């Protein structure tokens, strides 16, 4: 099968045959194709291939999806672990809030399951189409270079566990063709067509409109943009890592940035440095927009050497500008 050959090239089974891999399977076409291809190309060894399914309990068909995935795992002779969400009755959150909560719950489950099973990798079935949709979504909302890079092929999920997206360069149509050749069924998620979800409007309305009216190869164009942005971000990350070593001291709930070490550095790089320091401390980022990051960069790069009164940033972060340094401190009463 062509997909199996491509998978063996994209993620050689020699690289994972001796460790446990957790395959995230929703029951939809993409994840079922990933599981069947992983099962077909894996090399027998001490490692296991385990199926992981998360039941979001958001649809009437959710129980059927779970039963389908369990049966698929049994048919392939694989272990299956299942997690279930508990959604409060009458949940009145906006659609975007429900989507984000579902995403977090799913990854929390995958992280915990991987730890329990001693898995080295968690494999998800994100495709090239998913990547294009992600980049377009971020463009519409507003993003920087890191956002334009889209999803990374691999990223740390937890200590010792890597999230891997081996099909990120494969188009969705290739996966459905693979399943058709196998005669393998899958579950259809009716919510994938509901226009109330932003991702679905992008998939079913905006992307077809762009392809029909502006560029028939718009998906390829978005994928190329993601690749170029990813390469640029890799360079930026290297420069930021050097700045972190030279200009930043980390303490418990406190970060001190050395102003003289940042003289002459590009403003963009200083903003990226601040974001990196923020994330290393595990501080909340949700309320930090461009204006906040830019204002903080202004404080670091300001030529004056006088101290200024402390001020507060979102998330309970206290900023104190001193002649030689800017100190950031998470205030105790604002910790979760």
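Brief remarks follow.
- Just one of the listed residues (155, 195, 165) is surrounded by 15 or more Cβ atoms within 10 Å (Cβ to Cβ) and over 16 Å from residue 4 (Cβ atoms), namely 165.
- Among strands (runs of 3 or more DSSP E) entirely within the stretch 1-93, having at least 3 residues that are at pLDDT 95 or above and crowded, with 22+ Cβ neighbours inside 10 Å singles out 21-24, 49-55.
- Residue in the stretch 115-123 that is crowded, with 19+ Cβ neighbours inside 10 Å, part of a loop (DSSP other than H, G, I, E, B), in contact (Cβ under 8 Å) with a residue 40 or more places away in the chain and at positive phi present: no
Yes or no, residue by residue, for (1) part of a helix (DSSP H, G or I); (2) touching a residue at least 40 places away in the same chain (Cβ under 8 Å):
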site: 186; (1), (2): no, yes
site: 191; (1), (2): yes, yes
site: 195; (1), (2): no, no
site: 202; (1), (2): yes, yes
site: 205; (1), (2): yes, no
site: 208; (1), (2): yes, no
site: 212; (1), (2): yes, no
site: 216; (1), (2): no, no
site: 219; (1), (2): yes, yes
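- Identity of the residue in the stretch 231-252, part of a strand (DSSP E or B) and free of Cβ contacts under 8 Å to residues at least 24 places away in the same chain, that ends up farthest from residue 318 (Cα to Cα): 249
- Any hit, the stretch 137-153, residues being assigned to a strand (DSSP E or B), more than 17 Å from residue 289 (Cα to Cα) and modelled with pLDDT of 95 or more: no
- Residue match in the stretch 58-75 (condition: within 23 Å of the chain's Cα centre (by Cα) and farther than 13 Å from residue 124 by Cα): yes
- Test: residue in the stretch 268-280 that is in a loop (DSSP other than H, G, I, E, B), surrounded by fewer than 13 Cβ atoms within 10 Å (Cβ to Cβ) and out of contact with any helix residue (DSSP H, G or I) (no Cβ under 6 Å at 6 or more places or on another chain): no
- Residue within the stretch 102-119 that is at pLDDT below 95 and closer than 21 Å to residue 202 by Cα present: yes
- Test: residue in the stretch 171-183 that is outside any helix (DSSP H, G or I) and either under 15 Å from residue 230 (Cα atoms) or in the same structural domain as residue 22 (by TED's automatic domain parsing) (or both): yes
- Enumeration of residues in the stretch 253-267 that are in contact with a strand residue (DSSP E or B) (Cβ under 9 Å, 6 or more places away or on another chain) and not in a helix (DSSP H, G or I): 253, 254, 255, 256, 257, 258, 259
The values are calculated or read from the model by the stated rules, or taken from the named source; none is laboratory data. For clarity, every value in this text was computed on a predicted model and none was experimentally measured. Neighbour counts are summed over all protein chains in view; Cβ atoms, including those assigned to glycine, are modelled from backbone coordinates with ideal geometry.
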